[in-house]
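Okay, so here's the structure we're looking at.
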Amino acid sequence: MRQRPVLDVSALPTTAFGQRDPLFWGVLSIMSIEGTMFALMAASYFYLRGGARLWPPAGTFHPGLGLTTANLLILLVSIAPMALAARAAKRQDLPAIRLWLIVATVLCIASLALRWVVLQHLTFRWDSHAYGSLIWTTAALHTTHVVTGTCENILFIVLLTRGPVEDKHMDDLWLNSLYWYFVVACWVPFYCIFFLDPGLLATLH
């Protein structure tokens, strides 16, 4: 009986980056679902605004243009270390990955702290009116994403410090950065919609 030739696949890579990785499509699907959710929140804002005689409702004041802008800027700046960590992951440069993840995590925590301050400066509760429900719900949803991203960074830092580190973790790090870009990008339109609304800007002291 004729034997079949045996293929040596020992030299093939054990993991794949980008579109060749099934996890990439899973992350992309998650971003599509969550992006739709945020789009619905934005559409709800304009729907409520279009039917309101007074917008924002009476007694609503801007939490502070400096605070809200600083919060956005910190999020935008955090993209840089996450991108550098993703590049280092492709090179499998563990010291560089750890460094940039730590920098990104510090910025994430700073953003969360400032977000807390902004929420404390809101002059309405989530159950005060429809406007309040929309603002608080959107902020809570996005803050949850930021908390999740921060926790993932911390877990990666622990993994890279204590090990064992596998090839597949490099792609996980790259996808983690990709998801963080999405989280930051989602807040940009809401910053403009919520805090640059002419009616709210008029309440600045």
Within the range 149-189, the count of residues that are free of Cβ contacts under 8 Å to residues at least 12 places away in the same chain, open to solvent by less than 60 Å² (accessible area, probe 1.4 Å), within 13 Å of the chain's Cα centre (by Cα) and over 20 Å from residue 87 (Cβ atoms) comes to 0
Answer from 104, 86 - the residue that is touching a residue at least 24 places away in the same chain (Cβ under 8 Å), farther than 19 Å from residue 188 by Cα and open to solvent by less than 20 Å² (accessible area, probe 1.4 Å): 86
Residues that are out of contact with any helix residue (DSSP H, G or I) (no Cβ under 6 Å at 6 or more places or on another chain), among the hydrophobic types (A, V, I, L, M, F, W, C) and farther than 14 Å from residue 172 by Cα, drawn from the range 80-101: 80, 99
I'm trying to understand the selection: among the residues of the range 144-179, which are among the charged types (D, E, K, R) and assigned to a helix (DSSP H, G or I)? 152, 162, 167, 168, 171, 172
Could you identify the single residue in 123, 138, 203 that is assigned to a loop (DSSP other than H, G, I, E, B), of a type in the set (S, T, N, Q), open to solvent by less than 60 Å² (accessible area, probe 1.4 Å) and within 24 Å of residue 52 (Cα to Cα)? 203
Those residues that are farther than 19 Å from residue 32 by Cβ and aromatic (Phe, Trp, Tyr), I need them from the range 146-184; list them, please. 156
Regarding residue 38, is this residue under 30 Å from residue 123 (Cα atoms), of a type in the set (Phe, Trp, Tyr) and part of a helix (DSSP H, G or I)? yes
Within the range 45-103, residues being aliphatic (A, V, I, L, M) and either in contact with a His (Cβ under 6 Å, 6 or more places away or on another chain) or not in a helix (DSSP H, G or I) (or both) number 3
Looking across the range 107-120 at residues that are surrounded by 16 or more Cβ atoms within 10 Å (Cβ to Cβ) and of a type outside the set (A, V, I, L, M, F, W, C), the single one that is nearest to the chain's Cα centre (by Cα) is 111
Has the range 46-69 got at least one residue that is without any contact (Cβ under 8 Å) to a residue 12 or more places away in the chain, open to solvent by 70 Å² or more (accessible area, probe 1.4 Å) and closer than 18 Å to residue 110 by Cα? no
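The values are calculated or read from the model by the stated rules, or taken from the named source; none is laboratory data. No experiment lies behind these values; they were computed from the predicted model shown. Positions of Cβ are backbone-derived with ideal geometry, glycine not excepted, and every protein chain shown enters the neighbour counts. Quick note on the areas: whole protein, heavy atoms, side chains included, nothing else; ligands and nucleic acids left out. Shrake-Rupley method; radii C 1.70, N 1.55, O 1.52, S 1.80 Å.
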